[in-house]
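Comments concern the structure below.
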Amino acid sequence: MSIPVAGVETAAGIPFKDIAMTTIPFEARRFQSTAAYYTRYRVPYPDRLIERIAEQAGLSVGERVLDLGCGPGQLAIAFARLTKAAVIGLDPEPEMLEAAAADAAAAGVDIAFVRGSSYDLNSRFSPLKMTVMGRSFHWMDRSATLKALDEITVADGCVVLFGDRHISSTPDWRQAVNTLAETFAPERNADRERRKRPDWIEHESILLRSPFNDLERTSVVRERRLGLDDIVGRAFSTSVTSPQALGERASAFEAELRGTLLKLSPEGVFSEVVEIGGLMARRS
């Protein structure tokens, strides 16, 4: 769907053009201690979603796909495995790239993993048919990133932002994690809270002001069963409550989280309903 830019406002009703854009400061090693937890405990991207996105993009065998901020390579591996595209994974974190390379080898796919960030985008990555980002766009200078991608993406290419949206959790284990994050990692938690402030501009508005301003969303909804280890691992996979961020408080955080969760569910059984989707952005 194409949406006109005129009149776009933030959630606070402030005209887009009248406010300064919030950019979270770049920190290359922010996720250095999360690689061991990320692939195992983050919400996975279903094959069905990857296949739909590839079909909508008109992605052909051998066309070039960049997984920007690839982390342990979940999207890179999925696109290489399911579409036979020529995939490049770019991430600033060496531990993430090591995990990605190991997982790619286990999956039997050939992916070029490169250390770097959105600030390193240049002609060496062109020509790109598609750039995918999984829960990473908010860490970037978003307008500058889209401008750089416009210069190295083919005319009918696209950018796709992947992520997941929480619908419900039973019992409410997410609130327990968030409450403890405020206590144990206040500075990191403040970074997350920036995205809830009135001056935070949503991704859709940024895209609408970019060359990639024709937007279409595709998603699937899943209910997932979780245990105590799954929730603790999810917490450790985030930059807010990673082992690195918590430091010497990591053991105390884990003990308190497990105790809180067992009060919510003595059997240690939890669930979540989550929407996993991709926001495709093409040139209009």
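The values are calculated or read from the model by the stated rules, or taken from the named source; none is laboratory data. Note that the structure is predicted; figures quoted are calculated from it, not measured. When we count neighbours, we look across all protein chains shown, and the Cβ atoms used for this are built from the backbone with ideal geometry, even at glycine. Remember, those area values only see protein heavy atoms, side chains included, never the ligands or the DNA or RNA. Shrake-Rupley method; radii C 1.70, N 1.55, O 1.52, S 1.80 Å.
Inter-part distance, segment 127-183 to segment 237-280, computed on C-alpha centroids, equals 20 Å. Express the C-alpha Rg of segment 154-233 as a ratio against the empirical globular expectation 2.2 N^0.38 Å, rounded to two decimals. In units of the globular-protein estimate, segment 154-233 measures up at 1.46. At q = 0.13 Å⁻¹ the log10 of I(q)/I(0) for segment 108-260 amounts to -0.81, computed by Debye summation with a single uniform scatterer per C-alpha, solvent ignored.
Computed from point charges on the beta carbon alone (+1 for Lys and Arg, -1 for Asp and Glu), the dipole magnitude for the chain about its Cα centre is near 180 Debye.
Kirkwood hydrodynamic radius computed over segment 35-187 comes to 16.4 Å, based on all pairs of distinct alpha carbons. Magnitude of the charge dipole for segment 138-284, about its Cα centre and with charges confined to Cβ atoms of Lys, Arg (+1) and Asp, Glu (-1), is about 140 debye. Extension gain for the segment ARG283 to SER143, taken as residue separation times 0.36 nm less the Cα-Cα distance, is 48.9 nm to one decimal.
Solvent-accessible area assigned to carbon and sulfur over segment 82-155 amounts to 52 percent, based on a 1.4 Å probe.
Comparing VAL61, VAL240, VAL132 in a Gaussian network model of the chain (Cα springs below 10 Å), the most mobile by mean-square fluctuation is VAL61. Rg ratio for the chain: its Cα radius of gyration over 2.2 N^0.38 Å, N being its residue count, equals 1.01.
From the Kirkwood radius over Cα pairs of segment 67-128, Stokes-Einstein at 10 °C and 1.306 mPa s returns a whole-number translational diffusion coefficient of 139 µm²/s. Distance distribution P(r), segment 41-97, all Cα-Cα pairs, bin width 10 angstrom from 0: 24, 54, 21, 1 percent. Placing a label point 7 Å from the Cα of VAL61 along the Cα-to-Cβ direction, none of the residues of segment 146-180 has a backbone N under 19 Å of that point.
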